[in-house]
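Q: Handing you a structure now.
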Amino acid sequence: MRNGHRLGRRFGWLWGAYGTSALGTWLAFGAFPLIAIQVLHAGPAEVAALSSVGAAVGAAVAVPLGPWVEFRRKRQVLIAMDLVRFAALLTIPTAFALGVLTFVQLLLVSVVVAAADITFRAASGAYLKTLLPAEDLLVANARFESTAWTTTIIGPPLGGAAIGFLGPVATVVADAVSYLLSALGIRAMGGHEPRPERQEAARMRAGDLLDGWRYILADATLRPLFFNTALFNGLVMATQPLMAVLMLGPLGFAPWQYGLAFAVPSIGGLLGARLARPLVTRFGQHQVLVAAGALRAIWPIGLAFLGPGTGGLLLVMGVELGLIFCCGIFNPVYATYRLERTANDRVARTLSAWAVTTKATTALLTAAWGVLGGLLGPRTAIGLAGVLLLATPLLLPRRAAAPLAEPEPEPASSRA
């Protein structure tokens, strides 16, 4: 391993900023629905709208931001999106303190945060590709993945304790502050980033809005991966509300058992992320991508056989452990594969289109599975999602892609 894979001071700041904001997000996990229920006395339809409508509208708002990001300095965009999320979230505790908080404000903030999240991810992927040489992208993505699962493990319990002592608004403050700290960390990276130049015209055209999707659909390897990840993520997330209904309702699990069933298996994500690079080194990128992508699809159907008691709890934990372990391997390999297959002047638009589609698909499938759960029952709807997930490996790329025929720019970072 070259220099223990030290990726440089600038990547260290970026990694630290990511970890800080991710921890803040998980500290505030579930805070908006709790505020809606406990403070605003919202009903089930309003609570569902916070996640489904907020995410869908946020994705629509983010559509024109992808082309806009492409021709801006990415570090400045990252800082701006952190500050937008900081300011938007801070309006919640401010309005609460003044006694003027409304459900409409919660919904608007969820839309702004969703759009800023998509824009931040698009800019960060584009920035990472210029910050590091290609051979270090998998190491960097594996570190991001490990951090994501670490914050998933420790964030919700800490956030739950904070909510118990201080109320859900306090965790929103923590989330807002985490974005401010992230912005300060990215600013501390320093270094010069040249301004990207538009080749055809200075003004963005309406046709630019679809450039990301055009690029994805024209690439024989990105196209199946695009449909695979959108469908897989959407189906997995669509069953989460139904699992809550089933476990906390008919099966009689306590809230702490429900939280434990999904928190402990996150350890599998840490292990999977650490194994991603050694597996790619030994077996090759495409083989690991396809194998992990196929294996992650076999687990969710097991949730349809969930029963009460200790056996049921162990079943959920076992299924989630296997699923998350495979995802921990797949995610950094897929993120690296996608960056390598995307031309440098198309990264922001491609990642933005990808994220918009994934969020919109998740929102649509969550709403659809809510209806199916009401008509067929939660268990049957969960089983149906599991059956459909078994077909998603058919959408994985069938052969390794040839390298892109474009010169790689000199990395912007200096090695530490």
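Q: Output wanted: per-residue J couplings in Hz (rounded whole) for the range 381-387, from phi through Karplus 6.51 cos²θ - 1.76 cosθ + 1.60, θ = phi - 60°, x for Gly and Pro.
A: 5, 5, x, 4, 4, x, 5
Q: Among 291, 107, 386, pick out the residue whose Cα is farthest towards the positive end of the charge dipole of the chain, where Lys and Arg carry +1 and Asp and Glu carry -1 on C-beta, about the Cα centre.
A: Farthest towards the positive pole: 291.
Q: Relative to the compact-globule scaling 2.2 N^0.38 Å, provide the ratio for the alpha-carbon radius of gyration of the range 74-232.
A: Taking the Cα Rg and dividing by 2.2 N^0.38 Å, one obtains 1.26.
Q: Using alpha carbons only, what's the Rg to Rh ratio of the chain with Rh from Kirkwood?
A: 0.95
Q: Applying 1/(1 + (r/R0)^6) with R0 = 30 Å to the Cβ-Cβ distance of residue 310 and residue 166, what FRET efficiency is obtained, to the nearest 0.05?
A: With R0 = 30 Å, the Cβ-Cβ based efficiency is 0.35.
Q: A follow-up question, please. Among 311, 236, 194, which residue has its Cα positioned farthest towards the positive end of the charge dipole of the chain, with +1 placed on the Cβ of Lys and Arg, -1 on the Cβ of Asp and Glu, and the dipole taken about the Cα centre?
A: 194
Q: Something else about it: What is the pair-distance distribution P(r) of the range 349-394, computed from all Cα-Cα distances in 10 Å bins starting at 0, with each bin given as a whole percent?
A: Answer for the range 349-394: a P(r) of 25, 41, 27, 7 percent.
Q: Okay, moving on. Have a look at 329, 37, 153 and tell me which one the Gaussian network model of the chain (Cα, springs below 10 Å) gives the largest fluctuation.
A: In this elastic network of the chain, the residue with the biggest mean-square fluctuation among 329, 37, 153 is 37.
Q: Quick one: among 55, 254, 367, which has the greatest mean-square fluctuation in a GNM of the chain with alpha-carbon springs under 10 angstrom?
A: Greatest mean-square fluctuation among the candidates belongs to 254.
Q: Among all stretches of the chain without exposed GluC sites (Glu not before Pro) (DSSP loop, at most 11 other Cβ atoms within 10 Å), which one is longest?
A: 201-416
Q: Using only the Cα atoms of the range 1-136, what semi-axes does the equivalent ellipsoid have when each is the square root of 5 times a gyration tensor eigenvalue? Give whole Å, largest first.
A: One finds semi-axes of 33, 17, 13 Å for the range 1-136.
Q: Could you go through the range 277-287 in sequence order and give the Karplus-derived ³J(HN,Hα) for each residue, using 6.51 cos²θ - 1.76 cosθ + 1.60 with θ = phi - 60°, rounded to whole Hz, and x for Gly and Pro?
A: Values per residue, Gly and Pro as x: 5, x, 5, 5, 4, 7, 10, x, 4, 5, 5 Hz.
Q: Given a cut-off of under 8 Å on Cα pairs at least six residues apart, what relative contact order in percent is computed for the chain?
A: Relative contact order here is 29 percent.
Q: Let me ask something else. Residues of the range 82-192: accessible area per residue at 1.4 Å, in Å²?
A: Per-residue value: 38 Å².
Q: Evaluate the relative contact order of the range 31-118 (contact order divided by residue number), counting alpha-carbon pairs under 8 angstrom at least 6 apart; express in whole percent.
A: 47
Q: Any idea how far apart residue 108 and residue 394 come out in nm if each label point goes 7 Å out from Cα toward Cβ?
A: 4.6
Q: Using only Cα atoms, locate the centre of the range 287-328 and the centre of the range 90-125, then give the distance between them in Å, rounded to an integer.
A: Using only Cα atoms, the two centres lie 33 Å from each other.
Q: Write out the trypsin sites (Lys or Arg not before Pro) in the range 301-408 meeting two conditions: DSSP loop, and at most 13 other Cβ atoms within 10 Å of their Cβ.
A: 398, 399
The values are calculated or read from the model by the stated rules, or taken from the named source; none is laboratory data. In this text, all values refer to a predicted model and were calculated from it rather than measured experimentally. Using ideal geometry, Cβ is built from the backbone for each residue, glycine included, and neighbour counts are taken over all protein chains shown. Side chains included, ligands, DNA and RNA excluded: accessible areas come from the protein's heavy atoms. Shrake-Rupley method; radii C 1.70, N 1.55, O 1.52, S 1.80 Å.
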